[in-house]
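Only one structure is covered here, and it is reproduced in the block below.
The values are calculated or read from the model by the stated rules, or taken from the named source; none is laboratory data. Every value quoted in this text rests on a predicted model; they were computed, and no experiment measured them. Methodologically, a virtual Cβ is constructed for each residue, glycine included, from the backbone with ideal geometry; neighbour enumeration extends over all protein chains shown.
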Amino acid sequence: MDVTFQTAAGRRFTVEIWFFSTVRRIKEYVLRQEGISVESQRLFLAGAEAELDDDGDTERYSIVQGSTVLLLLPEDGAAPSSAGGGGGTVVRVVVSAPAAIAGRGGAVAVEVDPAACTVGRLKELIQERTDGALPAARVALMFGKVEMEDGRAVAQYAPPAPGLANTTVEVSAVVRSPPPASAPSPGAGNKKPPQQQQQAPPQVTVNVKWGAKAAAVEVSDLLAVKDLRRELGVGAAAQLALPNDGGYFFIYKQNVMEEDRTLRWHDVKNGDTVEIFNGRVTGGA
């Protein structure tokens, strides 16, 4: 089952674990995927003060598919408080923007720690959740009639009610129009204006390895994993001679990549390596 982990800095990632895994085993899954040592991990259920004991298991703590676990590291300081201050409290932010996210029910929900998550980070999470339909660079978030500033914590606009572990906050999203293209100056040729260049999606170079062969491809970090196959059919990447039926899957940091998720969702960075395995995914942890 998939369990979401959130750090005090607002970073979120999902780890697949076995049912009835112990907390110690869960920490080992996090080590394998994220490289965080077992000894430095402190796990808490969202809104709870007591740290999860290594010998406890998912049944004891009612950890199920889709649960959120707070991950504290040594530099994060004291354990969260379940009452007041926002520490360890989960706020479900529901963003309404019907015109921008048609086909998604007119809203998207994101769970965050309001004290640790900034408005800028919230915009990035919304962009990932909508697969780029709400781009962070062009979205303004409105709490009532007030525009939320990127550098401020969500809790400054919507402090959680004391004693409540989970609350819901309604936020409206306004998508600004892209800046108009300016006319090229004489002799500028086909060079794009600087404003347009800044709007281009971030590019990453991914090293794709299949057996002894490897190829580097430059793609947007918002590219879905399933679309990576198309990029591997052109240029130098075509030398990998992959099966025409697409009967293979991708591995990143020893984990099977989800086909409908983006490279950014998998936290793929510039220069990282993705491996190819020929066959079908049949399950496992």
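Check whether at least one residue in segment 38-45 is at pLDDT 85 or above, surrounded by 13 or more Cβ atoms within 10 Å (Cβ to Cβ), in a loop (DSSP other than H, G, I, E, B) and not assigned by TED's automatic domain parsing to the domain that holds GLU170, and report yes or no.
So far as segment 38-45 goes, yes, one or more of its residues are at pLDDT 85 or above, surrounded by 13 or more Cβ atoms within 10 Å (Cβ to Cβ), in a loop (DSSP other than H, G, I, E, B) and not assigned by TED's automatic domain parsing to the domain that holds GLU170.
Residues ALA161, ALA165, ALA115, ALA155: which one is within 20 Å of the chain's Cα centre (by Cα) and either modelled with pLDDT under 85 or surrounded by 15 or more Cβ atoms within 10 Å (Cβ to Cβ) (or both)?
Details: ALA161 fails: within 20 Å of the chain's Cα centre (by Cα); ALA165 fails: within 20 Å of the chain's Cα centre (by Cα); ALA155 fails: within 20 Å of the chain's Cα centre (by Cα).
Among ALA161, ALA165, ALA115, ALA155, only ALA115 is within 20 Å of the chain's Cα centre (by Cα) and either modelled with pLDDT under 85 or surrounded by 15 or more Cβ atoms within 10 Å (Cβ to Cβ) (or both).
From the list VAL30, VAL91, VAL108, VAL69, pick out the single residue that is surrounded by 16 or more Cβ atoms within 10 Å (Cβ to Cβ), outside any loop (DSSP other than H, G, I, E, B) and at pLDDT 90 or above. Quick ask: steps written out before the conclusion?
Details: VAL91 fails: at pLDDT 90 or above; VAL108 fails: at pLDDT 90 or above; VAL69 fails: at pLDDT 90 or above.
Residue meeting the stated conditions: VAL30.
For ALA102, all conditions in the list (1) in contact with a strand residue (DSSP E or B) (Cβ under 9 Å, 6 or more places away or on another chain); (2) aliphatic (A, V, I, L, M); (3) at pLDDT below 85 hold save one; what is the number of the exception?
Single failed check for ALA102: (1).
Given the criteria modelled with pLDDT of 75 or more and within 23 Å of the chain's Cα centre (by Cα), does GLY283 qualify? Full working, then the answer.
On the way: modelled with pLDDT of 75 or more: no; within 23 Å of the chain's Cα centre (by Cα): yes.
The answer is no for GLY283.
Within segment 243-258, is there a residue that is touching a Phe, Trp or Tyr at 6+ places or on another chain (Cβ under 7 Å), modelled with pLDDT of 75 or more and aromatic (Phe, Trp, Tyr)?
Taking segment 243-258 first, the residues touching a Phe, Trp or Tyr at 6+ places or on another chain (Cβ under 7 Å) are 248-249, 251, 256-257.
Remaining after also requiring modelled with pLDDT of 75 or more: 248-249, 251, 256-257.
Applying the additional criterion that residues be aromatic (Phe, Trp, Tyr) yields 248-249.
Scanning segment 243-258, I find at least one residue that is touching a Phe, Trp or Tyr at 6+ places or on another chain (Cβ under 7 Å), modelled with pLDDT of 75 or more and aromatic (Phe, Trp, Tyr), so the answer is yes.
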